[in-house]
Amino acid sequence: MNIKRVALLTSGGDCQSLNATMRGVAKTLYHANPKIEILGILDGYKGLIYGNYRKMESRDFSGILTLGGTILGTSRQPFKKMRTPDENGLDKVKAMKENYKKWKLDCLVILGGNGTHKTANLLREEGCNVVTLPKTIDNDIWGTDITFGFQSAVNIATNAIDCIHTTAASHSRVFIVEVMGHKVGWLTLYAGISGGADIILLPEIPYDIDAIVKALKRREEEGKNFSILAVAEGAISKEDAKLSKSELKKKWKESLYPSISYQIGNEIQERMGTEVRITVPGHTQRGGEPCPYDRVLSSRLGAAAGQLILKEKFGYMVGVQNNEVVPVPLEEVAGKLKMVNPEDSIIQEAKALGISFGDK
């Protein structure tokens, strides 16, 4: 089979470098065959389900290396609902397969995170030719050392912590910077270390509020008039870590706090009598232009994906292992999270620097 028609799709939350990665795929395919057709599926899997796409031209991929977001649009289509008919009774999986065939696609290129990869693997199992690319600021996709979007988000979150330093020192306060990451703490870990945070709280390491207060008091005793906590939005106390998912969900539904950082801040104030301020950079961490590192990474990943397609090697995610770009079988990736291991060397090195993770 000669590759004649390929479609691109971006799914899930947006991030920097989606456009740069699609550019890498497209430039590689056009360089090999200027007559190849590329379709852009609009708004993620939603476009594949309901048949919304546009035919792309080579010029569509010019000038987008530094452009954040995604020129194709995106949406969240939960994997657990993919087998559930929509409100009109439409079989979503059947619809995606039918559009894949109707559009006479030779390959579907999917850029996304964990949920996206589950659905991509489902399509592979249903007989579609699929190649995927690892997108997420969380850096939590199994089978790759790094995902595109992660380093750009680290830069933004680090800048937020950097900016807090001056006001924290000026007012002798405790500041909490809440970093994105519900289930996995890679972003908070890297931003916390690079931003000089004194305490880093991750979902993978349940915290003890007494240990946090102890670390803060130790800094006071050392004559340091301010402290900064980098807190993942999914940080969890040792007490809450013992609850079931339903119990935890119920607790937060009834909570007076908008997020975990506000709860931690209030507990610190009650125990220490010190002023605590909360900063939440929020979606700024996913916005803006990709950093140079991500532009290089995306170009490499996109080129490698294009080469896999030209070689007709389907059913793979393109990842990075030991700084080499490698194909990873999609079935090995789908459904797995790359968590921070509390025993990882980076955690031990951070502790050697005096950083507290609130666990001791």
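The values are calculated or read from the model by the stated rules, or taken from the named source; none is laboratory data. Since this is a predicted model, take the numbers as computed values, not measurements. Cβ atoms come from the backbone with ideal geometry, glycine included; neighbour counts cover every protein chain shown. Surface accessibility is based on the protein's heavy atoms, side chains included, excluding ligands, DNA and RNA. Shrake-Rupley method; radii C 1.70, N 1.55, O 1.52, S 1.80 Å.
Scanning the range 77-114 for residues that are closer than 28 Å to residue 181 by Cα, surrounded by 15 or more Cβ atoms within 10 Å (Cβ to Cβ) and not small (Gly, Ala, Ser) returns 77, 79, 82, 109, 110, 111, 114. Within the range 231-249, restricting attention to residues that are over 30 Å from residue 155 (Cβ atoms) and in contact (Cβ under 8 Å) with a residue 24 or more places away in the chain, the residue that is least open to solvent (accessible area, probe 1.4 Å) is 240. Cβ-Cβ distances below 6 Å connect the following pairs, each with a first residue in the range 147-170 that is in a helix (DSSP H, G or I), a second residue that is open to solvent by 50 Å² or more (accessible area, probe 1.4 Å) and among the polar types (S, T, N, Q), and a separation of six or more residues or different chains: 156/284; 158/194. Just to be sure, is residue 67 at pLDDT 95 or above and either out of contact with any helix residue (DSSP H, G or I) (no Cβ under 6 Å at 6 or more places or on another chain) or part of a loop (DSSP other than H, G, I, E, B) (or both)? In short, yes.
Here is a check on your reading of the model: is residue 124 of a type outside the set (Asp, Glu) and open to solvent by 50 Å² or more (accessible area, probe 1.4 Å)? Break it down into steps so the answer makes sense when it comes.
Numbers: of a type outside the set (Asp, Glu): yes; open to solvent by 50 Å² or more (accessible area, probe 1.4 Å): yes.
The answer is yes for residue 124.
What about residue 183, is it open to solvent by 60 Å² or more (accessible area, probe 1.4 Å) and within 19 Å of residue 354 (Cβ to Cβ)?
Details: open to solvent by 60 Å² or more (accessible area, probe 1.4 Å): yes; within 19 Å of residue 354 (Cβ to Cβ): no.
No; evaluated as a whole, the condition is false for this residue.
Picking from residues in the range 23-40 that are under 13 Å from residue 2 (Cα atoms) and not β-branched (Val, Ile, Thr), the one that is least open to solvent (accessible area, probe 1.4 Å) is 29.
Do we find a residue being touching a strand residue (DSSP E or B) at 6+ places or on another chain (Cβ under 9 Å), open to solvent by 10 Å² or more (accessible area, probe 1.4 Å), modelled with pLDDT under 95 and not small (Gly, Ala, Ser) anywhere in the range 222-230? Talk me through it step by step, then tell me what you get.
Step one: list which residues in the range 222-230 are touching a strand residue (DSSP E or B) at 6+ places or on another chain (Cβ under 9 Å), which gives 226-230.
From the residues that got through so far, the ones that are open to solvent by 10 Å² or more (accessible area, probe 1.4 Å) too are 226.
The next check asks that each one be modelled with pLDDT under 95; those that pass are 226.
Subset that is not small (Gly, Ala, Ser): 226.
Yes: one or more hits.
If you go through the range 250-303 and keep only what is of a type in the set (Phe, Trp, Tyr) and either exposed (fewer than 15 other Cβ atoms within 10 Å of the Cβ) or touching a strand residue (DSSP E or B) at 6+ places or on another chain (Cβ under 8 Å) (or both), you end up with 252, 257, 262.
One line per residue, one yes/no per condition, for (1) assigned to a helix (DSSP H, G or I); (2) of a type outside the set (A, V, I, L, M, F, W, C); (3) within 19 Å of residue 195 (Cβ to Cβ):
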| position | (1), (2), (3) |
| --- | --- |
| 225 | no, yes, yes |
| 235 | no, no, yes |
| 294 | yes, yes, yes |
| 306 | yes, yes, no |
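Within the range 260-271, can one find any residue that is farther than 29 Å from residue 107 by Cα, touching a residue at least 24 places away in the same chain (Cβ under 8 Å) and within 22 Å of the chain's Cα centre (by Cα)?
Start the filter on the range 260-271 by keeping residues that are farther than 29 Å from residue 107 by Cα, which leaves 260-271.
Then drop every residue that is not touching a residue at least 24 places away in the same chain (Cβ under 8 Å), which leaves 260-261, 264-265, 267-268, 271.
Checking which are within 22 Å of the chain's Cα centre (by Cα) leaves us with 260-261.
So far as the range 260-271 goes, yes, one or more of its residues are farther than 29 Å from residue 107 by Cα, touching a residue at least 24 places away in the same chain (Cβ under 8 Å) and within 22 Å of the chain's Cα centre (by Cα).
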